[in-house]
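Data block below; observations after.
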Amino acid sequence: MRFTKMHGIGNDYVYVDCVRNRPPADPAAVARAVSDRHFGIGSDGLILICPSERADARMRMFNADGSESEMCGNGIRCVAKFVHDHDIARKPRLTIETGRGVLTLDLEVKDDKVSRVRVNMGEPILKSADIPTTLPGDPPVNVPLSVWSITFLATCASMGNPHAVMFDCDMMLQTGENDILPLVGPKVEHHEAFPRRVNAHFVKVHSPAEVTMRTWERGSGVTWACGTGACAVCVAGVLTGKTGRKLLAHLPGGDLELEWSEADNHVYMTGPATEVFSGEWNG
C-alpha cells in the first residue's frame, strides 16, 4: 500500500490515494497498525482520499484506535494539499466531501505547492441532541462537568464531530511531570454525558483575540493539534463572552486562525499543511 505521511501543525496522519489505487479492505485495522509509533509508521490515524460524485475528492478519516470520525480540520487541509500537489484536481478552490458534508477550501500556493489552506467549516451545530450531549442547554454553556476530582465548566458544540471546551484550565496546559491531560482526557471523552464520546479541549484565554489550548482527541488521545477543536473553541469563546469572533489559537504544534463569521454564521479556519514523506506499507 502506497502512502504519504502529512501533518497539519503536528496533527499527523497517513494518507492513501484511493482515487488511483485500491482502498484497503479493512481500513480500521490498517489505521491501528500504521498509527503505532513504535511498530508502525506513527500517526494520529489514517485518512483515505477517495473519489466523489459530489466534490473534487472524498475524505474518510480513521482514528488511531480504528474508529471512523466524521471530520478532521487539520486532516482536510492536508487532503486539499494532496489533491492539488498530486494532480487529482489542480485549482485554487477545492471541494472535499466529508462526513460533515461538502466543504469548500481556498488554497495558498507557493512555488507550485500548497502552503496554507482556508477551510469553510460550515455552521456550528449547537443543539444538544445533535452534538450529541445530554448536558442541559442548546447549546450547553458553562455547564458543570465533574471528572475525576475536578469540576470543569463545559461549553459544547459540534463541527460535524462533538467537542467539549473548558476555559480557565491552566493546570491542564502543564506538560512534563505535571501533565494530567492523559489522566483527565479519557474521563471526559467517555463521560456518560457524551453518548458518542467527545473531543476535550482545555483553554487559557490571553485576550479576546488569542488563546492557548490542548486537546484530548476522541479515539487518538493527546494530539498536537485539532482543527475542528480550534473551531469549537472559537465558537465557545463567543458563546461564553470570553473571546471575539476572530481568534488566534496556539496549539502545541503551531497556530490556527479562526473566524466565526456574523455574515453567514460559518466558521473559517486557516492553517498550514505539510507533506513529510511517502513510502510503501507492507504490514
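How do V276, V30 stack up against each other in accessible area, from largest to smallest, with a 1.4 angstrom probe?
Details: V276 80, V30 25 Å².
Most to least solvent-accessible, the answer reads V276, V30.
Just grab the label-to-label distance for D264 and H206, each label 7 Å out from Cα along the Cβ direction, in nm (one decimal).
Rounded to a tenth, the inter-label distance reads 2.9 nm.
If only Cα atoms are counted, what is the Rg of region 207-283, and what is its Dmax, in Å?
According to the Cα coordinates of region 207-283, Rg and Dmax are 14.8, 51 Å.
Bin all alpha-carbon pair distances of the chain at 10 Å intervals from 0 and give each bin's fraction as a whole percent.
Cα pair-distance distribution for the chain, in percent: 7, 31, 37, 20, 5, 0.
Counting only C-alpha contacts under 8 Å and six or more residues apart, can you give the relative contact order of the chain as a whole percent? Let's see the in-between values first.
Values: 741 pairs, mean separation 55.4, N = 283.
Once normalised by length, the contact order is 20 percent.
Compute the relative contact order of region 191-283 as a whole-number percentage, counting only Cα pairs closer than 8 Å that sit 6 or more residues apart in sequence.
On the way: 148 pairs, mean separation 19.4, N = 93.
In percent, rounded to a whole number, it is 21.
Residue by residue through region 192-208, what is 3J(HN,Hα) from phi via Karplus (6.51 cos²θ - 1.76 cosθ + 1.60, θ = phi - 60°)? Round to whole Hz and write x for glycine and proline.
4, 6, 10, x, 10, 6, 7, 8, 10, 10, 10, 10, 10, 8, 8, 6, x
Build a GNM of the chain with springs between Cα atoms under 10 Å: which of E70, E177, E192 gets the top mean-square fluctuation?
So, out of E70, E177, E192, the one fluctuating most is E177.
Calculated from DSSP H runs of 4 or more alone, at -39500 (n - 2.57) each and per residue, what is the 222 nm mean residue ellipticity of the chain, nearest 500? Walk me through the numbers on the way to the answer.
Details: 4 runs with 45 residues, N = 283.
One gets -5000 deg cm²/dmol as the mean residue ellipticity at 222 nm.
Rolling a 1.4 angstrom probe over the protein chains, ignoring ligands and nucleic acids, what is the accessible area of L153 in square angstrom, nearest 10?
90 Å²
Rounded to a whole number, what % of the accessible area of the chain do carbon and sulfur atoms account for, probe 1.4 Å?
48 percent
Could you give the accessible area per residue of region 1-81, probe 1.4 Å, as a whole number in Å²? Kindly include the intermediate steps, with their values, before the conclusion.
Numbers: 3040 Å² over 81 residues.
So region 1-81 comes to 38 Å² accessible per residue, rounded to a whole number.
Run the numbers for H38 and C50: contour at 0.36 nm per residue of separation, minus the present Cα-Cα distance, in nm. Could the numbers behind the result be given before it?
Numbers: separation 12, 0.36 × 12 = 4.32 nm, distance 2.79 nm.
Additional length available on full extension: 1.5 nm.
Top to bottom by accessible area (1.4 Å), largest first, where do E53, E108 land? Could you put the intermediate results ahead of the total?
Details: E53 195, E108 70 Å².
Ranked list, largest accessible area first: E53, E108.
Just to make sure I understand: if all protein chains stay in place, what is the order of H190, H201 by accessible area at 1.4 Å, largest first? Kindly include the intermediate steps, with their values, before the conclusion.
Numbers: H190 115, H201 0 Å².
Final ranking, largest accessible area leading: H190, H201.
Please compute the per residue accessible area over region 205-283 with all protein chains in place, 1.4 Å probe, rounded to a whole number of Å². Before the final figure, lay out the partial values.
Working: 3020 Å² over 79 residues.
Dividing the accessible area of region 205-283 by its residue count gives 38 Å².
So what is log10(I(q)/I(0)) for region 1-83 at q = 0.11 1/Å, when the Debye sum runs over its Cα atoms only?
Log10 I(q)/I(0), no solvent term: -0.24.
Using θ = phi - 60° and the Karplus relation 6.51 cos²θ - 1.76 cosθ + 1.60, list the HN-Hα couplings for region 87-92 in order, rounded to whole Hz, with x at every Gly or Pro.
6, 6, 8, 9, 8, x
Starting from 0.36 nm per residue, how many nanometres of slack lie between K110 and D179 once their C-alpha separation is accounted for?
21.0 nm
For a distance above 26 Å, tell me the whole-number percent of Cα pairs in region 101-235 that qualify. Intermediate values should be presented prior to the final figure.
Details: 2182 of 9045 pairs.
Beyond 26 Å sits 24 percent of the P(r) for region 101-235.
Over the Cα atoms of region 49-101, how large are the radius of gyration and the largest Cα-Cα distance (Dmax), in Å?
Rg and Dmax of region 49-101, Cα atoms, are 11.0, 34 Å.
How large is the accessible surface per residue of region 84-160, computed with a 1.4 Å probe and reported in Å² as a whole number?
Working: 3640 Å² over 77 residues.
I get 47 Å² per residue for this part.
In percent, how large is the relative contact order of region 1-110, given Cα pairs closer than 8 Å and 6 or more residues apart? Let's see the in-between values first.
Details: 230 pairs, mean separation 23.9, N = 110.
The value is 22 percent.
In sequence order, what are the phi-derived ³J(HN,Hα) couplings for region 277-283 according to the Karplus relation 6.51 cos²θ - 1.76 cosθ + 1.60 with θ = phi - 60°, rounded to whole Hz, with x for glycine and proline?
6, 10, x, 10, 9, 10, x
By how many nm would the segment from K187 to V102 grow when fully extended, if each residue of separation counts as 0.36 nm and the alpha-carbon distance is taken off? Walk me through the numbers before you get to the answer.
Values: separation 85, 0.36 × 85 = 30.60 nm, distance 3.22 nm.
Gain in length upon complete extension: 27.4 nm.
The values are calculated or read from the model by the stated rules, or taken from the named source; none is laboratory data. It should be emphasised that the depicted structure is a prediction, and the values quoted were computed from it without experimental measurement. Glycine gets a Cβ as well: all are built from the backbone with ideal geometry, and neighbour counts include every protein chain shown. To get the accessible areas, we keep the full protein, side chains included, count just its heavy atoms, and leave off ligands, DNA and RNA. Shrake-Rupley method; radii C 1.70, N 1.55, O 1.52, S 1.80 Å.
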